[in-house]
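S.K.: Next up is a structure, given as structure tokens.
Read-outs: derived from the displayed coordinates by stated rules, not from any lab. Not measured: the values here are computed from a predicted model. Virtual Cβ from ideal backbone geometry, glycine too; neighbours counted across all protein chains shown.
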Amino acid sequence: MTNDRPSPPRRAVVLIVDDEAAVRDVLALGLGRHFDTEGARSTNEADLMLATREFDVIVCDHLMPEEEGLPFLIRARKRFPKVQRILLTGYMNPELLSRSTELAGLAGVLMKPVATEELVELIRMVLPR
């Protein structure tokens, strides 16, 4: 006897890149109710994770010690063009925001501190249906 029930839909996988563990943990907790999440402490760690696992969305902080988020997201766009990219920043700079969206093909830029509900809504909007 075969089981003809359809398998449950695959949950989207979100990579959270932030050098602050508390921010990663809060975002993972909030997003984890809706998506699978993985966290990276740096862009170097995120590069390794992207090479070994398929992600649907990258949520990345802009200001980090080793490398800023924007150059990482530009690189991610070239290597993984189907992965949606969202930049988080604590600094309101209209020129940076405009340039970032164009250069990295961003799905969105959100100001920190970000409300988890706002991030969930943006991720849902950019995921293919």
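S.K.: Does GLU38 satisfy the condition of being of a type outside the set (Ser, Thr, Tyr) and either on the phi > 0 side of the Ramachandran plot or out of contact with any Leu (no Cβ under 6 Å at 6 or more places or on another chain) (or both)?
M.R.: So GLU38 fails the test.
S.K.: When region 57-82 is examined, which residues are found to be among the aliphatic types (A, V, I, L, M) and over 9 Å from the mean Cα position of the chain (by Cα)? Spell out the reasoning first.
M.R.: Taking region 57-82 as the starting set, the residues that turn out to be among the aliphatic types (A, V, I, L, M) are 57-59, 63-64, 70, 73-74, 76.
LEU63, MET64, LEU70, LEU73, ILE74, ALA76, listed by residue number.
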